[in-house]
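Peer 1: Sending over a structure as structure tokens; questions will come in a sec.
The values are calculated or read from the model by the stated rules, or taken from the named source; none is laboratory data. Remember, it's a predicted structure, so these values are computed and weren't measured experimentally. Here Cβ is always computed from backbone atoms with ideal geometry, including for glycine, and neighbour counts include all displayed protein chains. Note: accessible area is taken over every heavy atom of the protein model, side chains too, but ligands, DNA and RNA are not part of it. Shrake-Rupley method; radii C 1.70, N 1.55, O 1.52, S 1.80 Å.
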Amino acid sequence: MANTRVLHGFHAVTARLSRQPRSVLELYFVRERHDPRMADLLKMAEAAGIKLVPADAARIDGLTGSQRHQGVAAIVDASQQFVALEDVLEDLKEPPLLLILDGITDPHNLGACLRVADAMGAHAVIAPKDKSVGLNATVSKVACGAAEVIPYIVVTNLARTLRDLKDAGVWIAGTDMDTETDLFHFDQTGPLAWVMGAEGHGMRRLTREHCDVLVSIPMFGSVESLNVSVASGICLAESRRQRVRAAEK
């Protein structure tokens, strides 16, 4: 279907149904499952007026391209930008690579960050609800299409999100000029989230305290600082380079 995407697995589908049911167009489920978990999900979907499509496991395998769907898949409207972090992390084919923006209020910076994040294959961009610009027409224009394709996840409590990511095994890395660990000697092949702070202010104290490691970007010229989107691009490019090299070995 045009302008749609497929979610699968109880966690991802339930999250979408509970937070944005109008974006769910159809719900496919394995007709042989009659357990309480499936019954609760179907009841939630029916109450929301979602079209229910009974199917066999093979059909859902083909729909999702996976056998890890737990017997449930949803066709959702991709034009609606809501996405939960759980949706993103559910079935990645590689370790997560995330970009977290702490306090970015300039729409041009946000748009450029989305663009480099998409170019380097980041799986999502995360930002706090408060003191952040959010998606608008300027962001979309600067992002050159990236705002429509890369998940942009707005969270109410960034510190809690960082803790949740750490609990999920994601390493949290921030940037700092005064640290012995530099970008080119830091292993970035595992689950990783880069945290970037606003220009002039950097990361907030609490955000900084949640980082597992602080990394410096080596500077070989005369400038002393980088625009947040440029710094994001450099860090994500190094992460992607290391992952490509590791996959070739």
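Peer 1: Of all residues being touching a Gly at 6+ places or on another chain (Cβ under 8 Å) and open to solvent by 50 Å² or more (accessible area, probe 1.4 Å) in region 192-204, which is nearest to ALA159 (Cα to Cα)? Just the residue, please.
Peer 2: Among those residues, the one meeting the criterion is ARG204.
Peer 1: List the number of the failed condition for PRO36; all other conditions in (1) within 30 Å of LEU114 (Cβ to Cβ); (2) at pLDDT 90 or above; (3) open to solvent by 30 Å² or more (accessible area, probe 1.4 Å) hold.
Peer 2: (1)
Peer 1: Follow-up. For region 191-208, give me each residue that is free of Cβ contacts under 8 Å to residues at least 12 places away in the same chain and more than 16 Å from PRO128 (Cα to Cα).
Peer 2: Answer for region 191-208, where residues must be free of Cβ contacts under 8 Å to residues at least 12 places away in the same chain and more than 16 Å from PRO128 (Cα to Cα): just GLY200.
Peer 1: Where residues in region 157-177 are open to solvent by 20 Å² or more (accessible area, probe 1.4 Å) and in contact with a Pro (Cβ under 7 Å, 6 or more places away or on another chain), which of them is nearest to GLY233 (Cα to Cα)?
Peer 2: TRP171
Peer 1: Please find, among MET44, MET38, the residue that is touching a strand residue (DSSP E or B) at 6+ places or on another chain (Cβ under 9 Å), without any contact (Cβ under 8 Å) to a residue 60 or more places away in the chain and among the hydrophobic types (A, V, I, L, M, F, W, C).
Peer 2: Testing whether each residue is touching a strand residue (DSSP E or B) at 6+ places or on another chain (Cβ under 9 Å), without any contact (Cβ under 8 Å) to a residue 60 or more places away in the chain and among the hydrophobic types (A, V, I, L, M, F, W, C) leaves just MET38.
Peer 1: Could you list all residues from region 199-210 that are within 16 Å of SER232 (Cβ to Cβ) and touching a Leu at 6+ places or on another chain (Cβ under 8 Å)?
Peer 2: Matches in region 199-210: THR207 only.
Peer 1: Scan region 45-70 for residues that are part of a strand (DSSP E or B), of a type in the set (A, V, I, L, M, F, W, C) and open to solvent by 50 Å² or more (accessible area, probe 1.4 Å) and jot them down.
Peer 2: First, pick out the residues of region 45-70 that are part of a strand (DSSP E or B): 51-55.
Narrowing the set further to residues that are of a type in the set (A, V, I, L, M, F, W, C) leaves 52-53, 55.
Of everything in region 45-70, just one residue is part of a strand (DSSP E or B), of a type in the set (A, V, I, L, M, F, W, C) and open to solvent by 50 Å² or more (accessible area, probe 1.4 Å), namely LEU52.
Peer 1: So, one more: What is the residue count in region 1-25 for residues that are crowded, with 16+ Cβ neighbours inside 10 Å and outside any helix (DSSP H, G or I)?
Peer 2: 6
Peer 1: With VAL139, VAL133, VAL195, VAL154 as the choices, which residue is part of a loop (DSSP other than H, G, I, E, B), within 29 Å of ARG19 (Cα to Cα) and of a type in the set (Val, Ile, Thr)? Show your work before the answer.
Peer 2: Values: VAL139 fails: part of a loop (DSSP other than H, G, I, E, B); VAL195 fails: part of a loop (DSSP other than H, G, I, E, B); VAL154 fails: part of a loop (DSSP other than H, G, I, E, B).
Checking each option against the conditions leaves just VAL133.
Peer 1: Now for a separate question. Using the structure shown, decide if SER222 is surrounded by fewer than 18 Cβ atoms within 10 Å (Cβ to Cβ), hydroxyl-bearing (Ser, Thr, Tyr) and at negative phi.
Peer 2: Taking the combined requirement at face value, the residue satisfies it.
Peer 1: I'd like the full set of residues that are without any contact (Cβ under 8 Å) to a residue 60 or more places away in the chain and closer than 22 Å to ALA119 by Cβ, limited to region 149-170.
Peer 2: Within region 149-170, VAL149, ILE150, VAL154 qualify.
Peer 1: Output the residues belonging to region 75-114 that are outside any loop (DSSP other than H, G, I, E, B), buried (at least 21 other Cβ atoms within 10 Å of the Cβ) and either in contact with a His (Cβ under 7 Å, 6 or more places away or on another chain) or at pLDDT 90 or above (or both).
Peer 2: LEU97, LEU98, LEU99, ILE100, LEU101, ASP102, ASN109, LEU110, GLY111, ALA112, CYS113, LEU114
Peer 1: Pick out the one residue from ALA122, ALA137 that is modelled with pLDDT of 95 or more and of a type in the set (A, V, I, L, M). So that I can check it myself, show each step before the final result.
Peer 2: On the way: ALA137 fails: modelled with pLDDT of 95 or more.
Exactly one of ALA122, ALA137 is modelled with pLDDT of 95 or more and of a type in the set (A, V, I, L, M), namely ALA122.
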